[in-house]
1. Anything in the range 205-236 that is within 16 Å of T7 (Cβ to Cβ) and either assigned to a loop (DSSP other than H, G, I, E, B) or basic (K, R) (or both)? List them, or say none.
2. Quick one: A123 ticks every box in (1) in contact (Cβ under 8 Å) with a residue 12 or more places away in the chain; (2) touching an Asp or Glu at 6+ places or on another chain (Cβ under 9 Å); (3) among the hydrophobic types (A, V, I, L, M, F, W, C) except a single one, so which number is it?
3. Inside the range 1-50, can you point out the residues that are in contact (Cβ under 8 Å) with a residue 24 or more places away in the chain, among the charged types (D, E, K, R) and more than 19 Å from G162 (Cα to Cα)?
4. Enumerate the pairs (first residue in the range 145-165 and touching a residue at least 12 places away in the same chain (Cβ under 8 Å) and surrounded by 13 or more Cβ atoms within 10 Å (Cβ to Cβ); second residue anywhere and polar (S, T, N, Q) and in a loop (DSSP other than H, G, I, E, B)) with beta-carbon separation below 8 Å, excluding pairs fewer than 6 apart on the same chain, so at least 6 apart or on different chains.
5. Pairs under 8 Å by beta carbon, first residue within 20 Å of A4 (Cα to Cα) in the range 167-187, partner of a type in the set (D, E) and in a strand (DSSP E or B), six or more apart or different chains?
6. Based on what the data block shows, is D33 closer than 21 Å to R115 by Cβ, out of contact with any Phe, Trp or Tyr (no Cβ under 9 Å at 6 or more places or on another chain), assigned to a helix (DSSP H, G or I) and of a type in the set (D, E, K, R)?
7. Only residues that are of a type in the set (D, E) and under 10 Å from the mean Cα position of the chain (by Cα): list them for the range 87-117, please.
8. Residue check: is R46 assigned to a loop (DSSP other than H, G, I, E, B) and at negative phi?
Amino acid sequence: MQAAALTDIGLVRRRNEDHYLVDLARGLFVVADGMGGHQAGDVASRLAVETIAAWIPPAGVDNPPLMLAEAVSRANEAVYRQSRCRPDNQGMGTTVTAALVKDGILYVAHVGDSRAYLLRQGAMEAITLDHSFVGELVRRGGITEAEAMDHPQRNMLTRALGIGPLVDADMAEVPLARGDFILLCTDGLSGVVEKEEIGMVVREAGNLQLALENLISLALAHGGSDNITVVLVHYD
C-alpha cells in the first residue's frame, strides 16, 4: 500500500483550516475541514485529526469499525468541549472523513461534506454521502451534482463534528481489490470538480504525487474558493 497527501490554501481564504493524517503503518487516513470564526476552524480540524490518531492503537485493531466509530465519537467530544471552554472557539466545528484499512477491508467513518471515493478499474464511486443541504437536494432529485456546486447554500452542513455533545457518523465497509485507489478530500476539491474528472486525473497521472498536484491545480483552475486537501492511497 502506498499513500500521499497534499493541501493548499486556495485562492480566496486567508488561512488553511484543513488538516489531514496519513499513517501507513496503521492504515489510517483522515481529512478534516474546520469551520468557525477567528482561528477556530483550524483548531477544530486539527483537534479532530489528533484525537482520532491518538485513539487508534499502533499495535493493531481487533474491531476496526467499532474502534473507528469510537475514535470519531471521542473527536467530537474533544472539539465540543474545546468550543465551550473558550469564547473564541464558540460554535466551531469540523467535517471528518476517516479511513482505516485492515486485512483487505476499507472502513470509513464520515461526518460532514468531505468525501471518500473508491477508484476501481477506471470507475470512480463515492463511498460517503454529503451531510449538507445541497446533498439532500441532490439525493431527492431536486438538483443535479453540477447545480449543487453553484448553489448559494452549498456550504450549509446538516451534520458536523463538535456542534453538539453527540454525533451520528455514517459508517461504511468496502472489501478492497489490488489496484484500487482510495481518495479522501475536502470540498475544496469535490465541491468544484466532478468525480469523473477526479478519477480521470488519478488514472492518467502515473504516480500519487503527480495525481495530487494535478488535482490541486484543477481545483485552483475552478476558482480555488476554499482550502483544498487530498489524501490518495493505492492498494497494491
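The values are calculated or read from the model by the stated rules, or taken from the named source; none is laboratory data. What you are looking at is a predicted structure, and each value in this text was computed from that prediction instead of being measured. Note: ideal-geometry Cβ built from the backbone for every residue, glycine included; neighbour counts use all protein chains shown.
1. Matches in the range 205-236: G224, S225, D226, N227.
2. That leaves (2) as the condition not met.
3. If the condition is that a residue be in contact (Cβ under 8 Å) with a residue 24 or more places away in the chain, among the charged types (D, E, K, R) and more than 19 Å from G162 (Cα to Cα), then D8, R13, R15, D23, R26 are the ones that fit.
4. L157/T95; A160/T95; L161/T95
5. T186/D18; T186/D33; D187/D33
6. Working: closer than 21 Å to R115 by Cβ: yes; out of contact with any Phe, Trp or Tyr (no Cβ under 9 Å at 6 or more places or on another chain): yes; assigned to a helix (DSSP H, G or I): no; of a type in the set (D, E, K, R): yes.
The answer is no for D33.
7. Filtering the range 87-117 for residues of a type in the set (D, E) gives 88, 103, 113.
Passing the criteria: only D113.
8. On the way: assigned to a loop (DSSP other than H, G, I, E, B): no; at negative phi: yes.
Judged against the criteria, R46 is not a match.
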